[in-house]
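Following: one structure in structure tokens, then a few remarks.
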Amino acid sequence: MHFKSDLLKNLNIETNSTQDQQFEFYYEFLIEYNNITNLTRITEKNDVYYKHFFDSLTTASSVNMNDIQSICDMGSGAGFPSIPLKIIYPHLHITIVDSLNKRIVFLQKLIEKLGIDHVSLIHDRVEHFALEHQQQFDLVTARALGSLSLISEMGIPMTKIGGKFIGLKGINYEAELTESRQGIKILGGIIKDVKKYILPEEYGARYHIIIEKNKHIKGYPRHFSIMSKKPL
């Protein structure tokens with residue numbers, strides 16, 4: 001596996017021995033815990049390193065992490081993309097919001113194992129948390145959580161003015177982008193860029209929808225059932 005050299009070559013990320021060990025701990029604990037609680041269908045070592053770790057770290061090429069202090073990771077599942085980012089950029093203050101307590105329990109044990117701090121784990125529905133935490137984060141991320149219109153309505157309100165919201169998407173991003181353009185505008189966001197990343201070793205393409213917030217609009221997100229039935 002060429003994970004370390006691929007990070008340097010493709011993302012200009014150089015890892016030290018501590019970080020290498022943390023990724024190894026992360027992988028081992030994820031697989032061990034996955035036998036108790038279903039967290040991921042991806043379990044082969046190479047697959048985890050590229051489809052989860054490398055994929056998460058592409059975020060650092062979409063936004064300069066040295067300019068970021070606070071990240072809210074919505075529905076991060078087993079910690080993606082925020083925990084790999086925290087391993088590489090220890091200064092980050094991470095907030096992970098997930099509605100499934102079994103994931104929160106896993107993440108509590110994981111951060112203890114990794115020896116990292118400034119990670120807040122919130123067991124709540126994202127739309128509830130978002131209403132109480134408006135304009136609080138430099139960066140908000142969502143990976144494999146839902147349609148772009150849905151995650152934008154939950155994520156943009158939590159983003160500071162001048163901050164960024166990134167939707168990490170797969171190959172079918174274009175239809176979602178078309179459907180959500182008007183909603184993103186209503187929410188005070190501007191689509192700054194769509195970045196394409198080719199994962200090494202033929203693991204496919206990933207797309208980041210990068211949205212900058214230029215004004216704050218009150219009253220969002222709406223109730224989940226309304227967001228689902230009547231996208232902006």
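The values are calculated or read from the model by the stated rules, or taken from the named source; none is laboratory data. Just so we're clear, the structure is a prediction, and the values are computed from it rather than from any experiment. Glycine gets a Cβ as well: all are built from the backbone with ideal geometry, and neighbour counts include every protein chain shown.
Can you find, within the range 165-212, the residue that is nearest to residue 82 (Cα to Cα) among those that are among the hydroxyl-bearing types (Ser, Thr, Tyr) and touching a residue at least 40 places away in the same chain (Cβ under 8 Å)?
This residue is 197.
Got a number for residues in the range 130-167 being at pLDDT 95 or above, surrounded by fewer than 21 Cβ atoms within 10 Å (Cβ to Cβ) and among the hydrophobic types (A, V, I, L, M, F, W, C)?
Residues meeting the conditions: 2.
Which residue, of 203, 220, is assigned to a loop (DSSP other than H, G, I, E, B) and touching a Phe, Trp or Tyr at 6+ places or on another chain (Cβ under 7 Å)?
Residue meeting the stated conditions: 203.
If I ask for residues that are farther than 20 Å from residue 157 by Cα, aromatic (Phe, Trp, Tyr) and buried (at least 18 other Cβ atoms within 10 Å of the Cβ), which ones from the range 188-221 would you list?
Scanning the range 188-221 gives 197, 207.
Considering 107, 145, 150, which residue is more than 18 Å from residue 192 (Cα to Cα), assigned to a helix (DSSP H, G or I) and touching a residue at least 60 places away in the same chain (Cβ under 8 Å)?
On inspection, the qualifying residue turns out to be 150.
Hey, residue 56 hits all of (1) surrounded by 17 or more Cβ atoms within 10 Å (Cβ to Cβ); (2) polar (S, T, N, Q); (3) touching a Gly at 6+ places or on another chain (Cβ under 9 Å); (4) at pLDDT below 95 but one; which does it fall short on?
Failing condition for residue 56: (4).
In the range 61-77, how many are surrounded by 20 or more Cβ atoms within 10 Å (Cβ to Cβ) and more than 17 Å from residue 95 (Cα to Cα)?
2
Inspect the range 36-50 for any residue being of a type in the set (Lys, Arg), outside any strand (DSSP E or B) and free of Cβ contacts under 8 Å to residues at least 40 places away in the same chain and give the result as yes or no.
Checked the range 36-50: at least one residue is of a type in the set (Lys, Arg), outside any strand (DSSP E or B) and free of Cβ contacts under 8 Å to residues at least 40 places away in the same chain.
Has the range 164-171 got at least one residue that is over 26 Å from residue 50 (Cα atoms) and touching a His at 6+ places or on another chain (Cβ under 9 Å)?
Within the range 164-171, none of the residues are over 26 Å from residue 50 (Cα atoms) and touching a His at 6+ places or on another chain (Cβ under 9 Å).
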